[in-house]
Amino acid sequence: MSENIRVGGNVNIKVGGTTRWYAKEGVEINSNGYIDYFAPKYTYGDPQDPPLKEGVKEIELITPLEDGSANDLSGNLQKGMIFGNTYQFKVKSYINNVPSNINNINWMIKYHSLSENKWIEIPLSAKGDNIKIVMAEEDLCGRFVYVRAYLKYPEKESELKIWKHNRFRWFDRKQLKQEIEDRIINSYLIDQGGSSMCGIAVVGFNFARENGQAYKNFILDIHRKGKAKNALTGYKLVIDNDQHLIEYKQTDIVYPEESLSTKKMALADFIFLICLKDNMNSVFDYDPNGPNAGGIIEGGTGLTLPHEVAQLMKDMANYKDVINDTNLVMSRSRGASVWVNKLQDKLKLGYRIGLLIDSDNFSKNKKSIFTVPTHWVGLIDINCNDITELVDVNVYTWGGTRIWTLSYDVFKDGFFGYIAGK
């Protein structure tokens, strides 16, 4: 279709607003004289599309949103959708008139994927002016979700931007990232607190300082998606279907505390230590209830046995050579200096070592009436003196380092072996 206007004299056009010409192919202006444009300013831009004559103008969410962390270190909350829940959307208004057939209304979800680092569009099979969407895609967690309804043009018609919470929605992601970076720089900060996570903490201590990026990605993926894969080994973790851990808040009375303080356990330590242990338990959920930390319930579900520590050295720390020389029934009977020399040799060969001990014996240099293995520590250095019959041991434990001096007899009484890996 074309239109020709021929004028023998002048053409004056006065417009109070904006004038736009839309053409499928082009616009030509020819003059035998001259063409004048008078304006304070004018621009030439990219071609614009003509206004839509029909379509969806606005949509709304009917289902109430729920609170979660604002993820900005403020302690504030924000509204958002929760993984696995169903949300109802409906058309609120149209461009011009209601379409003759509302079943021609299409729906789509768009979001930016962190895992793939690109924008992804997901067309939905549901049609009409009212739909329900189950938010069951983990990759949408911790992202803004753009819900679109349209007749023909998804980019031009209605769009609603909504936040979808991380799986651990109460944990501030910005705070979590800072804690992770702190532990990569100084892995001594990893602290199981009053819980029974000491065996896993020893593995995490070495994992964080040797493979910081893998440690970081593993924790951040659990926080956001509720599942993670260790890029070094392929080990996978998926939180339980009952999701009993993801609703914990640092403000909860039962949330675990750090060692030797009233501060709450760091988010990074909660996710790494407790989620790993819960994933390892084949029957019972791990219960990190603060008042009973170290007690029958928490201790029974949180105790990390030697074979589990050895397996974690392979699955998480990526050690290919792992030695398990432990005894849960009785302490080691050989001379203290023999064990010290053996441990020194392992350190010189590059092994990372976890000691299984009676914590009271080692920390107090005192033999117990009933000696039992109660604690894992990471061995940093160890020396002995046959003249004084004393052992000096430097270990990682409880969110820091400790140097203990104990007699040969106390060492033998409280030492239940070691696990080494490299």
task = Taking the options Ile122, Ile131, Ile102, name whichever one is surrounded by 14 or more Cβ atoms within 10 Å (Cβ to Cβ) and either in contact with a Phe, Trp or Tyr (Cβ under 8 Å, 6 or more places away or on another chain) or more than 18 Å from Glu60 (Cβ to Cβ) (or both).
result = Ile131
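Per-residue answers, yes or no, for (1) in a strand (DSSP E or B); (2) surrounded by fewer than 17 Cβ atoms within 10 Å (Cβ to Cβ); (3) free of Cβ contacts under 8 Å to residues at least 24 places away in the same chain; (4) not polar (S, T, N, Q):
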position	(1), (2), (3), (4)
Trp339	no, no, no, yes
Gly354	yes, no, no, yes
Val377	yes, no, no, yes
Asn383	yes, yes, no, no
Thr388	no, yes, yes, no
Val395	yes, no, no, yes
Thr401	yes, yes, no, no
Val410	no, no, no, yes
Tyr418	yes, no, no, yes
remark   = Within the stretch 77-99, restricting to residues that are β-branched (Val, Ile, Thr) and in contact with a strand residue (DSSP E or B) (Cβ under 7 Å, 6 or more places away or on another chain), the one that is surrounded by the fewest Cβ atoms within 10 Å (Cβ to Cβ) is Thr86
task = Output the residues belonging to the stretch 342-352 that are farther than 21 Å from Met197 by Cα and either free of Cβ contacts under 8 Å to residues at least 40 places away in the same chain or touching a strand residue (DSSP E or B) at 6+ places or on another chain (Cβ under 6 Å) (or both).
result = Lys342, Leu343, Gln344, Asp345, Lys346, Leu347, Lys348, Tyr351
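Given the stretch 114-198, what strands (runs of 3 or more DSSP E) lie entirely inside it while holding 3 or more residues that are in contact with a strand residue (DSSP E or B) (Cβ under 8 Å, 6 or more places away or on another chain) and charged (D, E, K, R)?
158-164
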The lone exception for Asp360 - which of (1) in contact with a Lys or Arg (Cβ under 8 Å, 6 or more places away or on another chain); (2) part of a loop (DSSP other than H, G, I, E, B) it fails = (2)
inquiry  = Being of a type outside the set (Gly, Ala, Ser) and closer than 22 Å to Gly80 by Cα is true for just one of Glu116, Glu159, Glu179. Which residue is that?
reply    = Glu159
message = Suppose the filter is within 33 Å of the chain's Cα centre (by Cα) and modelled with pLDDT of 95 or more; does Ser113 pass it?
response = yes
request  = Would you mention how many residues in the stretch 363-375 are among the β-branched types (Val, Ile, Thr) and part of a strand (DSSP E or B)?
outcome  = 0
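Scan the stretch 291-305 and give yes if some residue there is at pLDDT 95 or above, in contact with a Ser or Thr (Cβ under 8 Å, 6 or more places away or on another chain) and more than 21 Å from Ile380 (Cβ to Cβ), otherwise no.
no
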The one condition in (1) assigned to a strand (DSSP E or B); (2) more than 21 Å from Ala201 (Cβ to Cβ) that Asn324 fails to fulfil = (2)
task = Name, by its number, the condition in (1) buried (at least 21 other Cβ atoms within 10 Å of the Cβ); (2) modelled with pLDDT of 90 or more; (3) assigned to a loop (DSSP other than H, G, I, E, B); (4) not small (Gly, Ala, Ser) that does not hold for Tyr248.
result = (1)
ask   = Can Lys57 be described as surrounded by 15 or more Cβ atoms within 10 Å (Cβ to Cβ), charged (D, E, K, R), in contact (Cβ under 8 Å) with a residue 24 or more places away in the chain and in contact with a strand residue (DSSP E or B) (Cβ under 6 Å, 6 or more places away or on another chain)?
value = yes
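So that you can scan it fast, the table gives a plain yes or no per residue for (1) crowded, with 17+ Cβ neighbours inside 10 Å; (2) more than 20 Å from Gly68 (Cα to Cα); (3) modelled with pLDDT of 95 or more:
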residue	(1), (2), (3)
Met197	yes, yes, no
Phe205	yes, yes, yes
Phe218	yes, yes, yes
Lys229	no, yes, yes
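The values are calculated or read from the model by the stated rules, or taken from the named source; none is laboratory data. Predicted, not measured: the structure shown is a model, and the values here were computed from it. Glycine gets a Cβ as well: all are built from the backbone with ideal geometry, and neighbour counts include every protein chain shown.
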